Amino acid sequence: MEEALGCGATGPRLTLLRAASRKLNARHSLKQRAHALTYHLAISAGFSKRDAALIALSCAGVDHNPKTQPVGESSGGVSGAIEATWITVRNYFGGVTRDYHFQPSDVAVARFRDAAKQRSGSRYEILGKLGEALHLLEDTGFDGPHSRGNKLPKRGGHGNAVNEDGSRSKPPWSTGTDAEKHSADQAFRNPAANRIQLLKIFNELKAACAAQNGTCNTDDSAALKAIDTVVSIKTKAAEGEFERGKERDDSYAKVLDAYKPWTTIDTSLP
């Protein structure tokens, strides 16, 4: 599978911990569906499965690569916890968290469109950068979940917001239940706003495919179905069914399973 995806040692660099993707708690696991949706939307926008896999993995990798992740992932034990805390603090105060996850919407859109125009570098480098830019577009572009609520003025961060379903979304360090902490990342909390945003992102992916490949075979109905499914998922079981591609042969779970336990796809990340 790795060879089929073209993700060998000479491909774009991405550090993705499959185990971490599988062990995310319920709150983060429900966000993981967004990465599965990225894969399906890229295919519906006209990208090949191989290219869609690289875009989706590069997009997801921004959350898992220690160089760009907003919250460090512990490898276990005291040393793992210390390392995870250090990564979180370093990226937050170093501006990495803001740059990759909390830029204004117009910056996110411009960054993605610039990445879509790129022609220099290998195919894997070009699509890897497109996936990285797509991550920010999903976070804040077109009034994305990270752009809702009161913001930290300099370094970014989740704000306080009231979701469409009446629940509250709070910063991770705030008081309150775990279910309230950055719950805006859960697509079902704001189905109307998220549906509008995701449709706009799909249009950007179609434009990117056309810019990269010329004529692309798009499937708007499949994209709409995938978006409607994602904004209605409320359980880990349903999220797992979507990730596994129950009704289609292009399973994002199979893409993740191709990379175990670590994948190092040669990277351009800083």
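Annotation note: of Val107, Val71, the sole residue that is out of contact with any Lys or Arg (no Cβ under 9 Å at 6 or more places or on another chain) and assigned to a helix (DSSP H, G or I) is Val107. Restrict the check to the range 225-237 and report whether at least one residue is at pLDDT below 90 and among the acidic types (Asp, Glu). Scanning the range 225-237, I find no residue that is at pLDDT below 90 and among the acidic types (Asp, Glu), so the answer is no. Between Phe112, Phe47, the distinction of being closer than 18 Å to Phe202 by Cβ and not in a helix (DSSP H, G or I) belongs to Phe47 only. Checked against (1) within 29 Å of Gly121 (Cα to Cα); (2) at pLDDT 90 or above, Lys260 passes all but a single condition, namely (2).
The residue pairs whose first member lies in the range 78-96 and is exposed (fewer than 14 other Cβ atoms within 10 Å of the Cβ), whose second member is of a type in the set (A, V, I, L, M, F, W, C), and whose beta carbons are closer than 9 Å, counting only pairs six or more residues apart or on different chains, do not exist in this structure. Annotation note: of Tyr100, Tyr92, the sole residue that is of a type in the set (Phe, Trp, Tyr) and modelled with pLDDT of 90 or more is Tyr100. Candidates Ala133, Ala110, Ala116: the one that is of a type in the set (Gly, Ala, Ser), surrounded by fewer than 18 Cβ atoms within 10 Å (Cβ to Cβ) and modelled with pLDDT of 90 or more is Ala110. Taking the criterion of being free of Cβ contacts under 8 Å to residues at least 40 places away in the same chain and part of a loop (DSSP other than H, G, I, E, B), the residues of the range 122-150 that qualify are Gly149, Asn150.
Val71 meets each of the listed conditions (1) in contact with a helix residue (DSSP H, G or I) (Cβ under 6 Å, 6 or more places away or on another chain); (2) at pLDDT 85 or above apart from (2). For the range 1-18, the criterion of being outside any helix (DSSP H, G or I), more than 23 Å from Phe188 (Cβ to Cβ) and modelled with pLDDT of 75 or more is met by none of the residues. Scan the range 151-166 and tell me whether some residue there is surrounded by 19 or more Cβ atoms within 10 Å (Cβ to Cβ), in a loop (DSSP other than H, G, I, E, B) and either at pLDDT 95 or above or of a type in the set (S, T, N, Q) (or both). Yes, that holds for at least one residue.
The values are calculated or read from the model by the stated rules, or taken from the named source; none is laboratory data. Every value quoted in this text rests on a predicted model; they were computed, and no experiment measured them. Note: ideal-geometry Cβ built from the backbone for every residue, glycine included; neighbour counts use all protein chains shown.
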